[in-house]
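Heads up, the thing below is written out as structure tokens.
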Amino acid sequence: MKISISTINFNGAGKTIKLLESLKTQTDQGFGIIVVDNDSKAADLNEIEAWVKEHYPKTQIIHNPNTGFPGGANCGLKESFKD
């Protein structure tokens with residue numbers, strides 16, 4: 001069974017990083033993580049990318065045009081079904 005956790009970010013790097021920190025501490029790491037960024041400001045996205053690169057590189061970041069929450073959720077869902 002393949003498990004993916006997908007979250008949508010829109011100018012909320014602090015909250016997204018807090019979520020990623022909590023996922024990093026899980027004892028069972030048998031899941032993938034997808035962060036769909038809905039066209040955040042560059043500084044916000046850069047903060048997430050820098051944190052992921054240093055602390056949790058298995059996280060996939062998708063740059064998405066801002067299509068609202070449903071569009072971001074659909075993007076993450078489609079990505080989770082690849083492979």
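The values are calculated or read from the model by the stated rules, or taken from the named source; none is laboratory data. Remember, it's a predicted structure, so these values are computed and weren't measured experimentally. Quick reminder, even Gly has a Cβ in these numbers, built from the backbone with ideal geometry, and neighbours come from all protein chains shown. When the accessible area is computed, the model is the full protein with side chains, heavy atoms only, and any ligands, DNA or RNA have been set aside. Shrake-Rupley method; radii C 1.70, N 1.55, O 1.52, S 1.80 Å.
At-a-glance table
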| read-out | value |
| --- | --- |
| Members of segment 12-44 that are among the polar types (S, T, N, Q), outside any strand (DSSP E or B) and surrounded by 15 or more Cβ atoms within 10 Å (Cβ to Cβ) | Thr16, Ser40 |
| Criterion violated by Trp51 - all others in (1) modelled with pLDDT of 95 or more; (2) within 11 Å of the chain's Cα centre (by Cα) satisfied | (2) |
| Of all residues in segment 1-11 being assigned to a loop (DSSP other than H, G, I, E, B) and modelled with pLDDT of 95 or more, the one that is least open to solvent (accessible area, probe 1.4 Å) | Asn11 |
| Residue tally, condition open to solvent by less than 40 Å² (accessible area, probe 1.4 Å), of a type in the set (S, T, N, Q) and part of a helix (DSSP H, G or I), over segment 45-83 | 1 |
